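Colleague: I have a structure I would like to understand better, so I am pasting it below and will then ask my questions one at a time.
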Amino acid sequence: MCEPRGVYRNRSSLPFPAEIGLSVVAGAASFAIWTALCLVAPRFHLPAVALGVALLGSVLAVARAGGILYALPVGAGAVLAYDWFGLPPFRELDNNAFMVLGLSITTAVIVGAVATAAGQRLVESDQAHIALAQEQAALRRVATLVAGGAQPAAVFTAVADELAGLIGADATFVTRRAEPVTGESESVTVVGSYGGVTADLPVASRIELKPGMLLSQVLHTGEAARMSGAALRNGPLGALVEKLGVRATIAIPVMVGPRRWGVVVAGTAKEDFPAGTEARIRDFIELAALAIANAQAEQELRVLAETQEALRRLALLIAQGVAPEVVFAAVTKEVLRHFGNGTARLIRYELDGTATLLANEGTTGPHVQVGQAWQGYPATGLTAAVQRSGQTARVDDYRNLPGGDKYAAEGLISAVGMPIHVNGRLWGMIAVGSGEGRLPDDTEARMAVFTELVATAVADAQSHAELISSRARIVAAADEARRRIERDLHDGAQQRLVALALRLRSAAMDAQQRGDDHREMNEVAADLLGVIDELRELSRGIHPAVLSDSGLRSALRALGRRSPLPVGIEVRVDGRLPQPVEVGAYYVVSEMLTNAVKHAGASAVQVDAEVTDGSLTLRVCDDGVGSADPARGTGLLGLKDRIEALGGTFDLHSPAGEGTTVICRIPLTSSDDSR
């Protein structure tokens with residue numbers, strides 16, 4: 001800042017009383033010098049005007065060089081010497097003259113001292129106002145970033161930048177106290193930096209706290225501290241200090257509420273920071289801590305909102321009944337998006353001690369085979385560590401891990417593994433990896449909440465898959481029982497009844513030849529054939545033999561031929577389909593034809609079946625009265641349960657007066673149990 005010269009000079013290291021004494025001596029010396037000059041001036045024929053101009057010049061020079069504290073007594077002594085010995089009548093140096101001289105110099109010194117003190121206070125006031133304005137401007141810029149939704153890293157970097165500008169530092173950085181991790185020493189994480197330190201301590205760098213470190217001292221005591229000279233160069237970060245040319249540093253704790261949130265460090269290439277720099281830094285950081293807290297709160301709210309949105313998407317997938325592998329893939333994608341920048345993997349631990357890779361998102365390699373056994377992992381890596389302990393695990397650098405070469409070849413450097421517990425059992429692990437360096441220290445803490453919710457999603461997907469599998473097994477068991485009953489009826493009772501009917505017919509013919517009465521036997525044989533026809537229809541309803549023998553196409557055509565309504569059937573299916581799929585489709589068509597006749601008053605029915613994209617799409621449409629309602633006991637609810645048990649969908653469209661359309665989509669391969 002500019003200094004008001006001639007009023008106050010802040011260049012001397014002498015105490016103010018000493019400077020007052022020097023100003024008195026300067027006044028007396030000025031009187032003696034100008035007395036001698038005035039006495040010798042006549043010898044050189046110097047005019048009085050020239051001597052006066054020289055006097056004024058000398059006083060001005062002293063004022064510019066030493067300030068008003070020196071200029072006033074020097075001027076007073078010079079003027080008295082000029083008046084007494086440069087202009088006639090000349091005066092004798094007696095006691096009265098010395099009294100006047102003393103009073104004049106003393107008065108000048110007093111006035112100069114008062115003026116200097118007032119000027120000093122004015123300068124200090126101006127400097128304080130300027131410093132306050134600079135701090136407020138810096139805080140406004142930081143607050144604008146927070147209000148604009150800037151990421152915390154940008155806010156912290158701005159704090160470091162603005163602080164450097166306020167105190168004239170060559171390098172500054174902001175650190176955050178890392179969450180304690182079991183088995184690791186205390187550390188801080190760099191969250192923002194400015195100046196030459198940025199390249200060597202980028203954001204997310206971890207600094208392990210060691211005895212003798214300025215960071216450690218400030219974090220533990222909560223008090224500001226400074227370090228310079230040999231203590232700084234010989235400290236744990238001495239190599240970095242030498243590289244940057246830093247000669248002095250100041251560290252101030254960052255308090256967010258009652259908690260020691262972190263430490264801000266400033267360094268300079270000068271000999272040292274000016275006195276009072278700690279206070280300026282503290283004042284700025286106390287206000288900046290509000291911005292830091294707000295940025296942190298904004299980030300936490302943003303993360304919470306994003307987490308809730310991710311979980312909503314996962315819950316929607318589960319509610320839609322998608323295959324577990326689709327849910328697992330979605331889980332890994334969300335984990336990678338929130339926590340990593342390299343890869344995310346979901347691994348399940350099997351009961352026999354092996355592991356299976358269920359999903360992978362991001363980097364890959366020859367060893368990454370989704371759906372296959374996860375093998376060849378390092379004994380000290382994430383998979384083994386989590387399986388062994390059931391707790392979180394971390395790898396800071398795969399390049400230094402025995403057996404970690406193939407992961408490093410993927411481009412991974414560090415990774416964190418989180419256990420997934422389902423129903424009290426270690427189900428598996430979700431792992432996230434980074435290709436840009438060590439994952440932040442709070443990764444485990446941030447992932448913990450998400451992992452708990454992921455475990456819920458996995459459990460829901462597993463329960464849903466188990467429910468579908470259980471329903472499918474029940475339906476399959478029921479169909480098998482129906483087939484067995486149909487076979488038993490066909491091969492047992494039905495065949496015996498046919499044989500009995502033939503024997504009655506034969507006995508009736510013998511009686512006729514003998515001339516005996518045979519009418520009753522013929523009637524019994526006819527009734528028996530009617531029973532056989534009814535039994536054949538009953539066994540066909542239990543399970544159509546044509547479906548087992550000839551497949552879906554022939555079975556649907558047989559249904560159409562037996563229907564009293566015109567039925568158009570279009571089947572675009574090559575070969576046989578899985579038996580549960582054929583049975584499910586058959587009963588849908590059979591029930592819909594029955595409903596069309598009994599309830600809809602339809603005049604025609606159209607049936608279309610086609611295999612596309614690994615699923616059978618079945619469409620049954622009639623032109624009846626519509627208004628079909630599963631709750632009215634038309635068998636539609638049972639059809640829906642049967643199709644959904646096969647992992648399919650059952651859609652009903654039946655507006656009043658516009659007929660009824662049912663569309664079913666049945667996957668040809670059932671999903672594996674997620675265990």
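Read-outs throughout are calculated quantities, based only on the coordinates presented, and are distinct from any laboratory measurement. Remember, predicted model here, so these are calculated numbers, not experimental data. Here the Cβ is made from the backbone with ideal geometry for all residues, glycine too, and neighbour counts use every protein chain on show.
Colleague: In whole angstrom, how far apart do the alpha carbon centroids of region 53-93 and region 251-269 sit?
Modeller: Taking the Cα centre of region 251-269 as reference, the centre of region 53-93 is 55 Å away.
Colleague: Here's a follow-up. Can you give the FRET efficiency for His653 and Asn294, using 1/(1 + (r/R0)^6), R0 = 35 Å, r = Cβ-Cβ distance, to the nearest 0.05?
Modeller: Details: r = 53 Å, r/R0 = 1.52.
Efficiency, rounded to the nearest 0.05: 0.10.
Colleague: Right, here's the next one. Each label point is 7 Å from the Cα along the Cα-to-Cβ direction; what then is the distance between the points at Leu287 and Leu316, in nm?
Modeller: Result for the modelled spin labels: 4.5 nm.
Colleague: For the residue pair Ile110 and Lys270, what label-to-label distance in nm results when each label sits 7 Å from Cα along the Cα-to-beta-carbon direction?
Modeller: If labels sit at Ile110 and Lys270, their model points lie 3.8 nm apart.
Colleague: Turning to a different aspect of this structure: For Ala199 and Arg425, FRET efficiency with R0 = 60 Å and r from the beta-carbon atoms, rounded to 0.05? List each step's numbers first, then the result.
Modeller: On the way: r = 48 Å, r/R0 = 0.79.
In this case the efficiency is close to 0.80.
Colleague: Right, here's the next one. Less than 24 Å apart at the alpha-carbon level, and either on another chain or at least 8 residues along: which lysines does that give for Lys243?
Modeller: Output for Lys243: Lys210, Lys270.
Colleague: Between Val24 and Glu208, what is 0.36 nm times their sequence separation minus the Cα-Cα distance? Round to one decimal in nm. Provide the component values of the computation, followed by the final result.
Modeller: Numbers: separation 184, 0.36 × 184 = 66.24 nm, distance 5.88 nm.
Here the segment from Val24 to Glu208 would lengthen by 60.4 nm.
Colleague: Go through Ala164, Ala291, Ser228 and say which Cα lies farthest out towards the positive end of the charge dipole of region 149-302; charges sit on Cβ, +1 for Lys and Arg, -1 for Asp and Glu.
Modeller: Result: Ser228, furthest along the dipole toward the positive end.
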